[in-house]
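This report refers to the structure that appears directly beneath it.
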Amino acid sequence: MKIEPRQVEAFLRKPDATIRGIVVYGNDDGLIAERAVALARTVCEDLKDPFRVVDVGGDVLKADPARLADEFGAMSLMGGRRVVRVRPAGEEVVAAVENLVAAPAGDALVVIEAGNLTPRSGLRSLAENEACLAALPCYMDNEAALQALVESAARTRGLAVDPDALDWIVERLGGDRGQSRSEIEKLLLYKEGDGTKVVSLDDAVAVLGDTAAIGIDEVVAATFDGELAILDRALDRVFAEGGNAVQLVRALQRHVDQLHVVAAHAAASGNLEAAMFRARALPRGGPVRARFGRHLQRWPLPRLGAALSAILDAEIDCKRTGLPDQAIARRLCLRLASAAQGARQRRR
């Protein structure tokens, strides 16, 4: 049985009693772990209980495929339903899961933490098609999911989040659920102590703001927007706060790589919106996505190729020439920003 997105929350609260095993898979390791724990706790709240919770590795089941069915049928010495946690797991546990399906009796809940299974995966196919199994996908959070995560976590602590703060927090968070939740909890713990009930932008920046990283993001945005004055100020701020020139150059490279992937797919398919899904962890909307789309318009494939070549040359210069690396990085940013400014002016 495949768990659809609209069914996930209800299923996490109360899995179908006929389900023997759940394969939790996807590209978000943090969300996989979070949902696996939630499922296991529907059976046993204390996951360290040695009588009701057992951990089995996928490699163990590969060597002994009969063990999963045996664990499913075993009874707890102290009473109560048992949880069998299988982690990490992949295609090597298919035979064991087939034995679980064929087992004559048992009432344990088997929770299998798998990786990013493709549609052709035997384990995923088995979980989606057997009535006594369930497949629960876990993919990187988009902007809407991150907003909901932040607001939900704040509500549980009796807090609200200012809209400007919410936009900034979502823009700073990545797609990994575990990392996002850790950052959110850190912010809310800080906020609980000051006696106010609304998380402000200042609160968010104070707790989550790595000023060097924020400054580098501003440099990247200004560089590819062709905003020379903004770029100059952003560079001054980054280097004044101890920013690393090589780190900055690599941030430029990552951005060009993202743009290149999307631009290539857009050129091949003729569909820019579909190609945008190729960008890693790009929000579905908001200022970050709008800026990325703007950069795509101003940086066609040939110009991106030239930019990447310049960036790679600059990184080599930073490491090998002995010249001041800040000067090399600054010259690179100004060169790229001048190209972007020229492209913007030609479009007018």
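The values are calculated or read from the model by the stated rules, or taken from the named source; none is laboratory data. Keep in mind the model is a prediction, meaning the values are calculated, not measured. We place every Cβ from the backbone using ideal geometry, glycine too, and count neighbours over all the protein chains shown. Side chains are part of the model used for accessible areas, which takes the heavy atoms of the whole protein and leaves out ligands, DNA and RNA. Shrake-Rupley method; radii C 1.70, N 1.55, O 1.52, S 1.80 Å.
Note on region 15-78: dipole from Cβ charges, positive end direction compared against 77, 27, 53; the farthest Cα belongs to 77. Between residue 294 and residue 105, the simple label model (points 7 Å from Cα in the Cβ direction) yields a spacing of 6.8 nm. Each peptide in 325-337, 41-53 receives the mean, over its residues, of other Cβ atoms within 10 Å, and ordering these scores from highest gives 325-337, 41-53. Helix 287-298 and the longest principal axis of the Cα set of the chain meet at an angle near 50°.
I'd like the FRET efficiency for residue 335 and residue 206, computed as 1/(1 + (r/R0)^6) with the beta carbon distance as r and R0 of 35 Å, rounded to 0.05.
About 0.50, to the nearest 0.05.
Evaluate the relative contact order of the chain (contact order divided by residue number), counting alpha-carbon pairs under 8 angstrom at least 6 apart; express in whole percent. Don't jump to the answer; show the numbers that get you there.
On the way: 511 pairs, mean separation 55.6, N = 348.
Answer for the chain is 16 percent.
Extending 7 Å from Cα along the Cβ direction at residue 49 and again at residue 247 yields two label points whose distance is 4.6 nm. Normalised per residue, the accessible area of the chain is 50 Å², obtained with a 1.4 Å probe and no contribution from ligands, DNA or RNA. The Cα-based radius of gyration of region 163-278, divided by its Kirkwood radius, gives an Rg/Rh of 1.05.
Counting pairs of alpha carbon atoms under 8 Å apart in space and at least six apart in sequence, what relative contact order in percent does region 17-172 give?
32
Extension gain for the segment residue 240 to residue 277, taken as residue separation times 0.36 nm less the Cα-Cα distance, is 9.7 nm to one decimal. In this rough spin-label picture, where each label sits 7 Å from Cα along the Cβ direction, the residue 261-residue 87 distance is 2.6 nm.
Placing unit charges on the Cβ atoms only, positive for Lys and Arg and negative for Asp and Glu, gives region 55-128 a dipole magnitude near 160 debye about its Cα centre.
Residue 152 contributes about 50 Å² of solvent-accessible surface, heavy atoms of the protein only, 1.4 Å probe.
Cα axis of helix 143-156 to longest principal axis of the chain: angle in degrees, 0 to 90, nearest 10? It works out to around 60 degrees.
Rounded to the nearest percent, how much of the accessible area of the chain (1.4 Å probe, protein heavy atoms only) is carbon and sulfur?
51
Sequence-distant contacts, meaning Cα pairs under 8 Å at least 6 residues apart, place the relative contact order of region 98-251 at 16 percent. Placing +1 on the Cβ of every Lys and Arg and -1 on the Cβ of every Asp and Glu, with nothing else charged, gives the chain a dipole about its Cα centre of roughly 1060 debye. For a modelled paramagnetic label at residue 326, 7 Å from Cα along Cα-to-Cβ, the residues of region 244-266 in reach, with backbone nitrogen under 11 Å, are 244-245. Given in Å, the Rg to one decimal and the Dmax to the nearest whole number for the Cα atoms of the chain are 24.8, 77.
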